[in-house]
Amino acid sequence: QGQLVESGGGLVQSGGSLRLSCARPGSTFRTYAMGWYRQTPGKQRELVAAINPDGSTNYADFVKGRFIISRDNAKNMAYLQMSSLKPEDTAVYFCYSNWGRDLTWGQGTQVTVSS
């Protein structure tokens, strides 16, 4: 329990779409906030989007209107639907789950957007 499994990264052309998925096994998924950060070489990890247990969401300004985060508590899954992708969205995307002091990271998935 507690490990996150990410999937869905890849290579896409500018303007294209990708969906990232994050699975968190266990019976307490619905109590965790879920989200994604991203990181590029030489830069700090930055928040992309987050979704709370009550379904409220938070987005970085640079993805508002393009990305949608969602969760399916019945499947223990979180999703990040990314649309209108830009070359500057190229990064490793890390899923996380958080409840109190319990913070767990996924292994990261590469998203590459070609111009």
> Which one is surrounded by the fewest Cβ atoms within 10 Å (Cβ to Cβ), of the residues in the range 18-43 that are under 10 Å from the mean Cα position of the chain (by Cα) and under 14 Å from Gly106 (Cα atoms)?
Replying inline: Ser21
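Give the residues of the range 72-102 that are among the charged types (D, E, K, R), within 30 Å of Ser115 (Cα to Cα) and open to solvent by less than 60 Å² (accessible area, probe 1.4 Å), sorted by residue number.
Of everything in the range 72-102, just one residue is among the charged types (D, E, K, R), within 30 Å of Ser115 (Cα to Cα) and open to solvent by less than 60 Å² (accessible area, probe 1.4 Å), namely Asp89.
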> Restricting the search to the range 83-102, which residues are in a strand (DSSP E or B), closer than 26 Å to Gly26 by Cβ and not charged (D, E, K, R)?
Replying inline: Val92, Tyr93, Phe94, Cys95, Tyr96, Ser97, Asn98, Trp99
>> Go through (1) touching a strand residue (DSSP E or B) at 6+ places or on another chain (Cβ under 7 Å); (2) free of Cβ contacts under 8 Å to residues at least 40 places away in the same chain for Ser21 and report which single condition fails.
In response: (2)
>> Among (1) modelled with pLDDT of 95 or more; (2) over 15 Å from the mean Cα position of the chain (by Cα); (3) open to solvent by 60 Å² or more (accessible area, probe 1.4 Å), there is one condition Gly15 misses while meeting the rest; what is its number?
In response: (3)
> Conditions: (1) free of Cβ contacts under 8 Å to residues at least 40 places away in the same chain; (2) open to solvent by 60 Å² or more (accessible area, probe 1.4 Å). Gln3 meets all but one. Number of the miss?
Replying inline: (1)
> Do you know which of the residues in the range 103-115 that are part of a strand (DSSP E or B) and polar (S, T, N, Q) is surrounded by the most Cβ atoms within 10 Å (Cβ to Cβ)?
Replying inline: Thr109
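Please determine, by comparing only the residues of the range 44-70 that are outside any strand (DSSP E or B) and within 20 Å of Val92 (Cβ to Cβ), which one is most open to solvent (accessible area, probe 1.4 Å). Please lay out each step first, then the result.
Looking only at the range 44-70, we keep the residues that are outside any strand (DSSP E or B), and these are 44-45, 52-56, 60-66.
Retained after the next criterion (residues that are within 20 Å of Val92 (Cβ to Cβ)): 44-45, 60, 62-63, 66.
Numbers: Gln44: 160, Arg45: 85, Ala60: 15, Phe62: 75, Val63: 0, Arg66: 31 Å².
Residue satisfying both the conditions and the ranking: Gln44.
The values are calculated or read from the model by the stated rules, or taken from the named source; none is laboratory data. This structure is a prediction, so every number in the text was calculated from the model and none was measured. Virtual Cβ from ideal backbone geometry, glycine too; neighbours counted across all protein chains shown. We work out accessible area using only protein heavy atoms, side chains counted, and drop any ligands, DNA or RNA first. Shrake-Rupley method; radii C 1.70, N 1.55, O 1.52, S 1.80 Å.
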